[in-house]
Amino acid sequence: IPLAGAERKKRPGKYPYYGATGALDFIDSFIFEGPHILVGEDGTVITDSGTPLVQYVWNKFWVSNHAHVLQAKNGFSVEQLKLLIDRIQISNYITGAVQPKLNQGNLKSIPCIIPPTTVSAAFGSVIEPIFRNIRRLTDENKVLVELRDSLMPRLISGELQIPEEMLAS
């Protein structure tokens, strides 16, 4: 669901608003929650290596109409879907002479071999802890960046002092 820049400015918040290439803003509400895959629909839809522009997102968020929102099904996890899509050579599925576009029909037409449920479950049990750690560390990094950005101006201005004994260690 698209929200124009002017509309987003009226709705500042904590939820990321994603476009085809990443978070464009933070707004006051969300329409999706939990791990999802976003694939660029128009504009920047392909990487230099010929694979689709893929975003792995989680928590609560909003997505514009410039990205496809994908969820896994039939025993296939979102993380498995990400690993699969990350490796597809996508150029044959892109249309548009002026602005590249990966439309929904072309995205759905990409052939894919789905492994048996037992194989998918076994692979999922191996990669899930890795992706859980990626999500945790990424969330921690965001908190640390916010903390740094709030403390740095106070340290530079002298408003906040670090005790000498902490600097010596």
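For this structure, a couple of remarks:
- Applying the criterion of being part of a helix (DSSP H, G or I) and out of contact with any strand residue (DSSP E or B) (no Cβ under 8 Å at 6 or more places or on another chain) to the residues of segment 94-120, the residue that is surrounded by the most Cβ atoms within 10 Å (Cβ to Cβ) is S120.
- Among the numbered conditions (1) farther than 24 Å from Q89 by Cβ; (2) open to solvent by less than 40 Å² (accessible area, probe 1.4 Å); (3) out of contact with any helix residue (DSSP H, G or I) (no Cβ under 6 Å at 6 or more places or on another chain); (4) not aromatic (F, W, Y), the only one that I1 does not meet is (2).
- Filtering segment 26-54 to residues that are open to solvent by 20 Å² or more (accessible area, probe 1.4 Å), part of a strand (DSSP E or B) and either closer than 24 Å to E128 by Cα or at pLDDT 95 or above (or both) leaves F26, F32, E33, V54.
- In segment 70-93, the residues that are outside any helix (DSSP H, G or I) and surrounded by fewer than 16 Cβ atoms within 10 Å (Cβ to Cβ): Q71, K73, N74, G75, D86, R87, Q89
- Residue match in segment 152-159 (condition: of a type in the set (V, I, T), open to solvent by 60 Å² or more (accessible area, probe 1.4 Å), without any contact (Cβ under 8 Å) to a residue 24 or more places away in the chain and closer than 23 Å to V54 by Cβ): no
- Sole residue being at pLDDT 95 or above and under 23 Å from L137 (Cβ atoms), chosen from W58, W62: W58
The values are calculated or read from the model by the stated rules, or taken from the named source; none is laboratory data. Computed from a predicted structure; not experimentally measured. Positions of Cβ are generated from backbone atoms using ideal geometry, with glycine treated the same way; all protein chains shown enter the neighbour counts. SASA here: full protein model, heavy atoms, side chains in, ligands and nucleic acids out. Shrake-Rupley method; radii C 1.70, N 1.55, O 1.52, S 1.80 Å.
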